[in-house]
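Chemist: This is the structure, below, for whatever I ask next.
The values are calculated or read from the model by the stated rules, or taken from the named source; none is laboratory data. Only a predicted model underlies this, so the values are computations on that prediction, with no experimental measurement involved. Here Cβ is always computed from backbone atoms with ideal geometry, including for glycine, and neighbour counts include all displayed protein chains.
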Amino acid sequence: MLKLYNTMTGSKEAFQPLVPGTVRMYVCGVTVYDESHLGHARSALVFDVLRNYLQFSGYAVTFVKNFTDVDDKILTRAAQEGVPWTEIVERYLCTYRRDMARLGVAPADIEPKATEHMPEITTMIEALMAKGHAYRLDGDVYFEVRTDPAYGRLSKRKPEDLLAGARVEVDERKRNPMDFALWKSSKAGEPAWESPWGPGRPGWHIECSAMSIRHLGETFDIHGGGMDLIFPHHENEIAQSCAATGKEFARYWLHNGFVQINDEKMSKSLGNFFTIQDIFERSSCSEQVTGDALRYFLLTTHYRSPLDFSDVSVQEAKRALDSLYGLFQRLEEPSGEEGQGEAQLERAVTRLTEAFHRVMNDDFNTAAAIAQFQLLRGEVNRLLETGLSARARAQAREAFRSLGRVLGLFQLSIKEWEFKELEFRARPDDRTQGSRLDRERPEPPSFTDEQIERQLAERNEARRRKDFARADAIRTELSAHGITIEDRPDGTSRWKR
């Protein structure tokens, strides 16, 4: 049974959707005013894979992820560039979708925009006012936090601690500093929509409540996002949604951890952030291969844990994938054996399948799932040394491909994969320290024929000793220099550039 860590209760819980066999999930998307960074990539990837696994487990999933397309940051960016705010929105919607495609993140089933839901937003605000949870200040409307005795239950904050870290809107007219805007009256030159309180636009928090309820109902199964959204955004969503409907809002709250640079949260204010565009533009590999390496790296840490980013980490992910694609290459080589190793392989694939379900059912542990793939890689390499029929080889490749599809890994063909070191070019404006994505690295030296023969001899000796880890390492090293090894049925090996 699938268990998920629910931020609301602070514990792992058995997942039981409201409607058996059906999952309704809402995830907070981006505010489209700038390029997406690695933090956005991690959140998008986490919930993309969760959707995949739920579907793989037999659930019918409705996945909603919003875009905030009217916001102070968007208007500020438009003013700085002297362009219409709608141009900023369209530009960064396009770049976000481009970057998600590079990472293999599929679009959500429904991707609503705030500006397309003004009727739902104003209706919800009217309901809150009618029930005494909101008040009007001229053309503005605020939610009154003291009307919700349970406020703070998601973030576990005490009333005296609620102001710490909150985006408090400065307005001395408010009844309480923690009261938050539901509707903002329009200022000169700003976009505005008509409402019972005059022209204006919605506050940030009310958008997600209105859009999620519109598309998923007043109570749905999963609400997700980054840990930075727990307070105040998700806390405010809960308060206003429950107050408006009188019902529980979302049943399971999932939050992914931060991406860090040298143990600090990545942020624009610190100048230590990387956009997804940065990484792909400076990569020495194709977008497909770079996307897989970045995806593998992001999934090798449990989604709730902080993830420390560096160039070395992504390069190690690429090397790990090289070792797997090296195996896939061996599996595609002609085989003279008939019926050998099939029983052992079937047991190994069964162990992988059972372990994959077990670790993914334990709060969606992609890191442990990847470790299981590496274990199977070692087993299959050993079986190849004793002999595997063509049928068994195909079965092994399909095991990686079918389960890997859930994670979005191992789907490329050998022709599409690039067995070379993943290098990153430096950024002229790099302001970070230490081992960074953009550090210049020298090109790896080429091997001479004589050096290749020595490496091959060492590899053959390692295989004879059944030191398959060393044999794989040599194959990977040679592959990084564009040299492929073919193990022949008679036990000999040959190489080519």
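Chemist: Does segment 225-240 contain any residue that is touching a Cys at 6+ places or on another chain (Cβ under 9 Å), surrounded by 18 or more Cβ atoms within 10 Å (Cβ to Cβ), in the same structural domain as ILE110 (by TED's automatic domain parsing) and small (Gly, Ala, Ser)?
Modeler: Looking for residues that are touching a Cys at 6+ places or on another chain (Cβ under 9 Å), surrounded by 18 or more Cβ atoms within 10 Å (Cβ to Cβ), in the same structural domain as ILE110 (by TED's automatic domain parsing) and small (Gly, Ala, Ser), one finds at least one in segment 225-240, hence yes.
Chemist: Report whether or not ALA101 is farther than 17 Å from GLU207 by Cβ, surrounded by fewer than 22 Cβ atoms within 10 Å (Cβ to Cβ) and out of contact with any Phe, Trp or Tyr (no Cβ under 9 Å at 6 or more places or on another chain).
Modeler: Considered against the rule, which asks whether it is farther than 17 Å from GLU207 by Cβ, surrounded by fewer than 22 Cβ atoms within 10 Å (Cβ to Cβ) and out of contact with any Phe, Trp or Tyr (no Cβ under 9 Å at 6 or more places or on another chain), ALA101 comes out as yes.
Chemist: Tell me, which residue of segment 355-373 that is in a loop (DSSP other than H, G, I, E, B) and not aromatic (Phe, Trp, Tyr) is nearest to the chain's Cα centre (by Cα)?
Modeler: Applying the filter and picking the extreme gives ASN365.
Chemist: Moving on to the next point. Please go through segment 1-58 and pick out each residue that is without any contact (Cβ under 8 Å) to a residue 24 or more places away in the chain, under 25 Å from ARG157 (Cβ atoms) and β-branched (Val, Ile, Thr).
Modeler: Matches in segment 1-58: THR9 only.
Yes/no per residue for (1) modelled with pLDDT of 80 or more; (2) outside the structural domain of ASP292 (by TED's automatic domain parsing); (3) surrounded by fewer than 17 Cβ atoms within 10 Å (Cβ to Cβ):
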site	(1), (2), (3)
ALA355	yes, no, no
ALA371	yes, no, yes
ARG377	yes, no, no
ALA394	yes, no, yes
ARG401	yes, no, yes
PHE419	yes, no, no
GLU423	yes, no, no
ASP438	no, no, no
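Chemist: Please count how many residues of segment 124-134 are surrounded by fewer than 18 Cβ atoms within 10 Å (Cβ to Cβ) and touching a residue at least 40 places away in the same chain (Cβ under 8 Å).
Modeler: 3
Chemist: Give me the pairs, please: first residue somewhere in segment 376-387 and among the polar types (S, T, N, Q), second residue anywhere and not in a helix (DSSP H, G or I), beta-carbon distance under 8 Å, and either six or more positions apart or on two chains.
Modeler: THR386/GLN340; THR386/GLY341
Chemist: Applying the selection to segment 313-331, what residues are of a type in the set (Ser, Thr, Tyr) and either within 11 Å of ALA293 (Cβ to Cβ) or crowded, with 21+ Cβ neighbours inside 10 Å (or both)?
Modeler: SER313, TYR325
Chemist: Give the residues of segment 163-186 that are over 14 Å from ALA239 (Cα atoms), within 30 Å of the chain's Cα centre (by Cα) and either at pLDDT 75 or above or of a type in the set (A, V, I, L, M, F, W, C) (or both), sorted by residue number.
Modeler: Selection gives LEU163, ALA164, ALA166, VAL168.
Chemist: Can you find a residue in segment 124-133 that is outside the structural domain of PHE280 (by TED's automatic domain parsing), β-branched (Val, Ile, Thr), farther than 25 Å from LEU403 by Cα and not in a loop (DSSP other than H, G, I, E, B)?
Modeler: yes
Chemist: ALA60 fails exactly one of the following numbered conditions: (1) out of contact with any Ser or Thr (no Cβ under 6 Å at 6 or more places or on another chain); (2) small (Gly, Ala, Ser); (3) surrounded by fewer than 23 Cβ atoms within 10 Å (Cβ to Cβ). What is the number of that condition?
Modeler: (1)
Chemist: Buried (at least 22 other Cβ atoms within 10 Å of the Cβ) and either assigned by TED's automatic domain parsing to the domain that holds ASP362 or acidic (Asp, Glu) (or both): which single residue out of LEU307, LEU299 fits that description?
Modeler: Just a single option satisfies the conditions, and that option is LEU299.
Chemist: Looking only at segment 299-345, which residues are of a type in the set (Ser, Thr, Tyr), closer than 23 Å to GLU416 by Cβ and part of a loop (DSSP other than H, G, I, E, B)?
Modeler: THR300, SER335
Chemist: May I pose another question? Between LEU412, LEU388, LEU383, which is modelled with pLDDT of 75 or more, farther than 30 Å from GLY104 by Cα, part of a loop (DSSP other than H, G, I, E, B) and in the same structural domain as PHE328 (by TED's automatic domain parsing)?
Modeler: Only one candidate passes the filter, namely LEU388.
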